[in-house]
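> Following this message is one structure expressed as structure tokens.
The values are calculated or read from the model by the stated rules, or taken from the named source; none is laboratory data. Here the structure is a predicted model, which means the values were calculated and not measured. Note: ideal-geometry Cβ built from the backbone for every residue, glycine included; neighbour counts use all protein chains shown. Heavy atoms of the whole protein, side chains included, go into the accessibility calculation; ligands, DNA and RNA do not. Shrake-Rupley method; radii C 1.70, N 1.55, O 1.52, S 1.80 Å.
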Amino acid sequence: MKLSETIQRGLLCAAVVGALFFAVLGSAGVASSTQTSDQDEEVQLGQEVFNELKAKGEIIESSPLYDNLRPIADAITRAAQPQYNHPFKFYLVHETQPNAFATPGGDVYVVDSLLYFVKNTEELSGTLCHEVSHTIHRDTVELMEKRERIAEREIGATLILGHPFAVALLGKLQSLSYSRDVESRADVTGSDICAATGYNPWGLVWLFQDFQNADMGQVPQLLSDHPGNQTRVNTLEKHFREHPSVFGKFSSDPKSASTMAVPKNASEVFLR
């Protein structure tokens with residue numbers, strides 16, 4: 001996998017979240033068992049990621065692109081907010097590779113180039129509903145907890161296997177199935193949120209289909225980093241069939257999608 005600017009940023013954010021996660025736990029002595037404490041830790045983690053992105057000059061404070069993002073973000077917030085204890089906030093960020101990612105505490109970041117990559121409103125809404133679902137499920141925090149446990153085992157693996165490559169392989173194998181499961185769960189919850197907003201949940205399926213013919217250098221990270229897209233499509237289609245009262249009113253035909261007019265070379269003012 002190429003370490004593009006987006007992936008490097010993703011690794012940096014993951015490192016920041018991971019370091020801060022353990023710092024929060026360390027300062028408290030033990031992890032709190034209450035939901036309130038967990039939520040407060042999530043806000044702290046999210047704020048630190050925000051500060052890092054702001055320091056790098058990536059957060060867009062104002063742009064005509066917000067006219068495209070805001071109606072979708074508002075609809076998603078209305079549908080998803082009852083499932084999370086902190087307000088969702090959506091930010092545009094500037095990078096080359098299309099992407100979107102969510103952090104603990106409710107912040108959702110949308111790379112400006114994603115608005116040019118998606119073909120319609122439904123594909124964008126499907127992507128953002130997917131990301132919001134990661135926050136609702138606390139996937140980032142749970143991943144950090146799992147990585148801590150894996151790191152402890154890898155110390156033992158180093159002694160037993162005697163080679164860093166074996167340690168890296170062990171970590172990869174242990175995280176692969178988890179990642180697929182987490183992504184598919186976020187797809188399903190995201191489709192439920194999309195249906196609640198009135199946006200067609202088939203948008204994420206269409207995005208997966210577009211991925212098959214896309215230039216790999218321009219594929220959103222949420223697709224390229226997680227193999228098994230056909231499995232994810234199958235899971236979504238099964239979910240749609242099993243809940244006809246929710247999804248039966250939505251068309252599976254991409255020709256029914258709503259065209260999104262995105263201004264070319266839109267101006268951007270960055271948050272300083």
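> Roughly how many Å² of Tyr116 are accessible to a 1.4 Å probe, to the nearest 10?
100
> State the percent of C-alpha pairs, over all pairs in segment 81-143, separated by a distance greater than 15 angstrom.
Roughly 49 percent, once rounded to a whole number.
> What does the net charge come to around Ser258 if you take all other residues with beta carbon closer than 14 Å to its beta carbon, with K and R at +1 and D and E at -1?
-1
> What residues qualify as long-range amide H neighbours of Phe90, i.e. H under 5 Å apart, gap of 5 or more or another chain, H built at 1.01 Å from N?
For Phe90, whose amide H was placed from the backbone, the distant partners under 5 Å are Val108.
> Order 42-48, 63-69 from most to least packed using the mean count of other Cβ atoms within 10 Å.
Descending packing order for the listed peptides: 42-48, 63-69.
> What full-extension length gain, to one decimal in nm, is calculated for Lys146 and Ser251 as 0.36 nm per residue of separation minus the Cα-Cα distance?
33.9 nm
> Given the protein chains as shown and a 1.4 Å probe, how many square angstrom of Phe240 are accessible, to the nearest 10?
Approximately 10 Å² for this residue.
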